[in-house]
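The numbers here are math on the coordinates, done by the rules we state, and not lab data. The structure displayed is predicted, hence computed values, not measured ones. All Cβ positions, even for glycine, are placed from backbone atoms using ideal geometry, and neighbour counts span all protein chains on display.
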């Protein structure tokens, strides 16, 4: 792998720098005109009117569902799940492989370099992500529907999949997925949690996504909310990535904060399914939780565009809190970058020496960046994700000038599996 | 002007057709394989994997404010207006010209062929739009701040500008702008309305944008809301384009319906300024109003992307009404196309024989359109506006393959006036 030298690139604070990338890392950053010059054999990239932004970290998605868009449009979560589960019964490894390839294609084009997945046939998802050069955190997902024989089968599959993982490249992450409290028996939740802790794996779970989940949990577990119930089982901790945490009480916020849970907001999914929108990012942060952003899967959200999700998040926060100063943009950027890195203990999510070279190169030579407003305001409020002109992931270009290698073949492969699974 | 022959183009309903465009109109549409073949001298455009969508009609904007992005980020309407008015005191014709050029560039790139503007130095705005090939409805704006001498000056200016308009091309529209009830004396509102009716001009006015406007109006006018007050003056009718109509009572809805007012929803602006989000599109439609979509100006919203505004509108409607079936996509498309045409009495906003050839050509050869879902779901929920590959406005290509003639010169011109007005 050749070194990359980003020459004269803008930083978010408005300054300019030269950046050396080597061995997948940001080796050196120096203000323009200071010391740092290209060395022999380095690829020098002229970054005039370009700005470096950390690659986005999509903290909750179901990548292969990118091929399941539109199978349940305009439905509430519970009805939608019935449609989804009917299709999921037919899924196979090629569907997951091509679905994840398409997802990675879209994530690359919108500036994402790491995604936290929760879906089926994870080795196929990992293979796809790995080929595309995007860092994946894939999971084994527990969803036993309260059937003991299913639980037993899943435990065995989980152990088996965990074995497979040992041959994967160092950049990928394996997590334990627990779908939700309403789809798993207490025994399975406890077993999966213990397994994760024993092996130092993160736990990825849906928590407090809808009012129905909240009410059903209280009815089933002596008045305990999903957060309270999970905490009573000892599940919650800094190794837990909790998707949604939307229907939560003040007491739930206190628990999520005290346990330093990673809470992932998915505004497009929550609003499209009419689950809700009053996400308590500030209250959760203040209490001690680590708040991140995700897109959820494309069957609900309907795309993987983190920049779009950031703008939508800001608009909903300003709207329901009735305060236009709500959702400061630097906080929003943290939620989409460094906070995801913190959840996984990764050295990425910042443009900083020693950090992984996961870098979006934003083309500011367009009308969206004419304004003297801070870069983040123009980027998040005005521009679209096609301002991401190139993307470096793990020190390698995965997109150059909007071109991703193999795009046509990916669409072709996707059409084939769509015909076999969804359309027949 | 050569005829254009769109060969084998998809329609929104999933069928395919050949389309002949001549003299600025859609001359003929025929299903593929039926009769219609290219004639000598026609430009034949192969539209494999392309879909024709009516050009969007942006029913409320302040186009030149595209150069005022970021001058008042994250503020409430009233505070924001103070910032804006301080800059507007310095504006000149070149600023409006280049600001509108930039706005047209962005509108073309996001599929808009007609925009309803309310801003200053309208002849400069019209010149810019006309050069860009986008249909403009520009206004003379009344904003007398309750000063009689200012009102007198504005009446004279209005009459003078109306004279200028007579030399403009037939596609452009001149309207009478009344900024709002809180910025104009009753006398001025009455004079402007009478002038508009005498000359058959539409009236473009802000109504019910914020709670403060509502409360202040009630305090000033014996408990009448802005809608009730305007109706008591005889202002409201089918020739009125009312931007926002967000803070409205059931009685206001009844009035707006009975008077067949054109009500324009601007979700991004309303939420970014924390003005509100519970827009009553359905109640207004049912009552008899004509509901449209706009972006508002970029200083508040912050872009002119109608497709983004459509998705955001759908998400907010699903969210606050707690019903995922809310905001049917065909209705949303009507609000962004044909309803705007109805407001102006134009034969555009549909892909239909005899209608103006204002056509977006959508490239569906991307992952966003793989799904078997209806085209509109993929287009509005999943895709971005860069799916608009080419745009025909008034029978002429104003964008081909994402290229707009003169883009670099427009950015250069814009930077010059920005330096002179905003940055100095």
Relative to chain B, whose Cα atoms define the longest principal axis, helix B:77-88 and its Cα axis are tilted in degrees, nearest 10, by 80
Using a Gaussian network model on chain A with a 10 Å cutoff between Cα atoms, which of A:400, A:171, A:321 fluctuates the most?
A:321
Added length on full extension, which subtracts the Cα-Cα distance from 0.36 nm per residue, residue B:212 to residue B:190:
5.6 nm
If you count, for every residue in B:359-372, the Cβ atoms of partner chains within 10 Å of its Cβ, what is the mean?
5
Pairs of Cα atoms under 8 Å, at least six residues apart: use those to get the relative contact order of the range B:253-304, whole percent.
48
Point-to-point label distance, residue B:278-residue A:147, nm (Cα→Cβ direction, 7 Å offset):
4.5
What FRET efficiency would be calculated for the residue pair residue A:37, residue B:79, taking the C-beta separation as r and a Förster radius of 51 Å, to the nearest 0.05?
0.60
Rounded if a/c is under 1.5, else prolate if a/b beats b/c, else oblate: with a ≥ b ≥ c from the C-alpha gyration tensor eigenvalues square-rooted, which is the range A:56-344?
rounded
What FRET efficiency, computed as 1/(1 + (r/R0)^6) with R0 = 60 Å and r the Cβ-Cβ distance, is obtained for residue A:416 and residue B:423, rounded to the nearest 0.05?
0.65
Note down the nm distance, to one decimal, between modelled labels 7 Å out along Cα→Cβ at residue B:325 and at residue A:405.
4.9
Footprinting exposure proxy for B:95, B:146 (fewest neighbouring C-beta atoms within 10 Å first):
B:146, B:95
I need to check one value: relative contact order of the range B:58-344, counting alpha carbon pairs closer than 8 Å and at least 6 residues apart, in percent.
19
GNM on chain A, Cα springs under 10 Å; top mean-square fluctuation among A:80, A:247, A:281 goes to A:80
Run through the other copies and list how far each one's label point is from that of residue B:146, in nm with one decimal, shortest first; the point sits 7 Å from Cα along Cα-Cβ.
6.6
Heads up, the range A:5-149 by the C-alpha gyration tensor (a ≥ b ≥ c square roots of eigenvalues; a/c under 1.5 rounded, else a/b over b/c prolate, else oblate) looks prolate
Nearest-first distances (nm) between copies at residue B:396, label 7 Å from Cα via Cβ:
4.8
Between copies, how close do the residue A:160 label points come, placed 7 Å along Cα→Cβ, listed in nm from shortest?
8.5
Evaluate E = 1/(1 + (r/R0)^6) for residue A:199 and residue A:48, where r is the Cβ-Cβ distance and R0 equals 60 Å; express this FRET efficiency to the nearest 0.05.
0.80
Only helical DSSP H runs with n ≥ 4 go in: add -39500 (n - 2.57) per run for chain A, normalise by residue count and round the 222 nm mean residue ellipticity to 500 deg cm²/dmol.
-11500 deg cm²/dmol
Could you work out how far apart the two model spin labels at residue B:219 and residue A:2 are, taking each label as a point 7 Å from the Cα in the direction of the beta carbon, and quote it in nm?
6.7
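Given axes a ≥ b ≥ c from the Cα gyration tensor, I'd like to know whether the protein assembly as shown is rounded (a/c under 1.5), prolate (a/b larger than b/c) or oblate. Intermediate values should be presented prior to the final figure.
Working: a/c = 1.64, a/b = 1.52, b/c = 1.08.
Prolate, because a/c is 1.5 or more and a/b exceeds b/c.
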Max mean-square fluctuation residue, GNM over chain B, Cα-Cα springs under 10 Å, options B:328, B:372, B:94
B:372
